[in-house]
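The values are calculated or read from the model by the stated rules, or taken from the named source; none is laboratory data. Since the model is a prediction, treat every value here as computed from it, not as a measurement. A quick note on method: Cβ atoms are made from the backbone with ideal geometry, for glycine too, and the neighbour counts reach across all protein chains shown. Heavy atoms of the whole protein, side chains included, go into the accessibility calculation; ligands, DNA and RNA do not. Shrake-Rupley method; radii C 1.70, N 1.55, O 1.52, S 1.80 Å.
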Amino acid sequence: MTHPCVDRPSLSSGEIHVWTARVDNNDHATADLLRILGEEERTQAAQFSFERDRGRFIQSHGIVRQILATYSGVDAATLTFARNRHGKPYLVPRANGPNLQFSISHSGNCCMLAVRLDHSIGIDVEKVRDLPQAMNIAQSYFTPGETRVLAALQGVPQRDAFFALWTHKEATVKGLGISLAANLGRLEFQLDPVRSPRLIAWDGDQSLAQRWSIRRLDPSPGYVAAVASVHPIRSLTLRNWNHTGR
């Protein structure tokens, strides 16, 4: 089995590392990475109806294992994962090992992983595309104020604002470690045509906005992403992962 040969990355308190990797229709990479997945991941992969989606899932989760293993200093296949009561996966820490917190997201052929020590983190990436049902989705999952701002836009501005807002909301909910569908509408963001969405309240309470930081990322052309975590964030480093390493 081939693994990228990389130095063990250094991650300090207050630092966030965000990794971007490309997944594609590479049968050899899929077969190679399938070998290091756990039983639950293999079961999930087998449930996909289309081979392309199955391959992207296997590659994404295999790459996540490889990256997390570089921080832990162990073999990727030996990592153990569990889920909290809302279903968010977490890495079971080893004795005397780092308390790595992570979040994964993939859309199209883009996979992203955010890693931080000790504090929960969330990330979401979306392939920007025409979405005729965007306003219907907004009415179901966005606040009335957010929906009104989107409705005042048309065409590309509305599309771009929708995906920017969605990624910020999903990254925050994932960072909070709670279920997605039931909580997207509890977050209120202020939409600005020039700047990224800004968190202003949770159920009308502004204290959450003072404790959390959400940053927009543009990982590659045609994609938008956001990463969310609690203060303080001392630095955010973007890294690329490929078959030959960083």
Task: At 0.890 mPa s and 25 °C, Stokes diffusion of the stretch 1-90 via Kirkwood alpha-carbon radius, µm² per second - done: 173
Open item on the list: Over 10 Å intervals from 0, what percent of Cα-Cα pairs in the stretch 112-155 sits in each interval?
Closed with: 21, 36, 26, 16, 1
Open item on the list: Which one, SER105, SER13, SER120, has the greatest fluctuation when you compute a Gaussian network model over the chain with C-alpha springs under 10 angstrom?
Closed with: SER13
Open item on the list: Starting from the 7 Å offset along Cα-to-Cβ, what nm value, one decimal, do you get for the label separation of ALA151 and ALA181?
Closed with: 2.4
Open item on the list: I'd like the FRET efficiency for ARG85 and ASN26, computed as 1/(1 + (r/R0)^6) with the beta carbon distance as r and R0 of 45 Å, rounded to 0.05.
Closed with: 0.80
Open item on the list: From the convex hull of the Cα coordinates of the chain, what is the mean projected area in square nanometres?
Closed with: 13.5
Open item on the list: Given points 7 Å out from each Cα along the Cα-Cβ axis, report the GLN210 to ARG198 separation in nanometres with one decimal.
Closed with: 1.6
Open item on the list: Kirkwood hydrodynamic radius, computed over distinct alpha-carbon pairs, for the stretch 57-108: how many Å, to one decimal?
Closed with: 11.8
TODO: Taking the Cα centre of the chain as origin, sum charge times position over the Cβ atoms of Lys and Arg (+1) and Asp and Glu (-1), and report the length of that vector in debye to the nearest 20.
DONE: 300
TODO: Quick one: pull the percent of accessible area on the stretch 33-110 belonging to carbon and sulfur, 1.4 Å probe, ligands and nucleic acids left out.
DONE: 48
Task: Kirkwood hydrodynamic radius over Cα pairs of the stretch 155-246, then Stokes diffusion coefficient at 37 °C and 0.692 mPa s, in µm²/s - done: 230
TODO: Take the chain, connect every pair of alpha-carbon atoms lying under 10 Å apart with a spring to form a Gaussian network, then pick out the residue of ARG52, ARG216, ARG22 with the largest mean-square fluctuation.
DONE: ARG52
- [ ] Please name which of SER213, ASN183, PHE163 has its Cα lying farthest along the dipole of the stretch 159-243 towards the positive end, using unit charges on Cβ (Lys, Arg +1; Asp, Glu -1) and the Cα centre as origin.
- [x] SER213
Open item on the list: Projecting each Cα onto the charge dipole of the chain (Lys/Arg +1, Asp/Glu -1 at the beta carbon, about the Cα centre), which of HIS86, ILE67, LEU11 comes out farthest on the positive side?
Closed with: LEU11
Open item on the list: Helix check for the chain. Which DSSP H runs span at least 30 Å along their own axis by Cα, with a mean Kyte-Doolittle hydropathy no less than -1.0?
Closed with: 51-72, 155-176
- [ ] Could you check which residue among ALA182, ALA226, ALA164 shows the biggest mean-square fluctuation in a GNM of the chain with a 10 Å Cα cutoff?
- [x] ALA182
Open item on the list: Once you compute Rg and the Kirkwood Rh from C-alpha atoms, what is the Rg to Rh ratio for the stretch 43-130?
Closed with: 0.98
Task: Per residue value of the accessible surface for the chain (all protein chains in place, 1.4 Å probe), Å² - done: 51
TODO: Pop the C-beta distance of SER235 and GLU40 into the FRET formula with R0 = 35 Å and round what comes out to the nearest 0.05.
DONE: 0.60
Open item on the list: With n ≥ 4 as the cut-off for DSSP H runs, can you work out [θ] at 222 nm for the chain, using -39500 (n - 2.57) per run divided by the number of residues, rounded to the nearest 500?
Closed with: -10000 deg cm²/dmol
- [ ] Determine how large the accessible area of ARG198 is when every protein chain is in place; take a 1.4 Å probe and give Å² rounded to the nearest 10.
- [x] 130
Task: Unit charges on C-beta of K, R, D, E only; dipole of the stretch 100-224, Debye - done: 120
- [ ] Could I have the simple spin-label model distance between VAL92 and ASP218, label points 7 Å from Cα toward Cβ, reported in nm to one decimal?
- [x] 4.3
Open item on the list: Taking the Cα centre as origin and putting +1 on Lys and Arg beta-carbons and -1 on Asp and Glu beta-carbons, what dipole magnitude results for the stretch 1-126, to the nearest 20 debye?
Closed with: 260
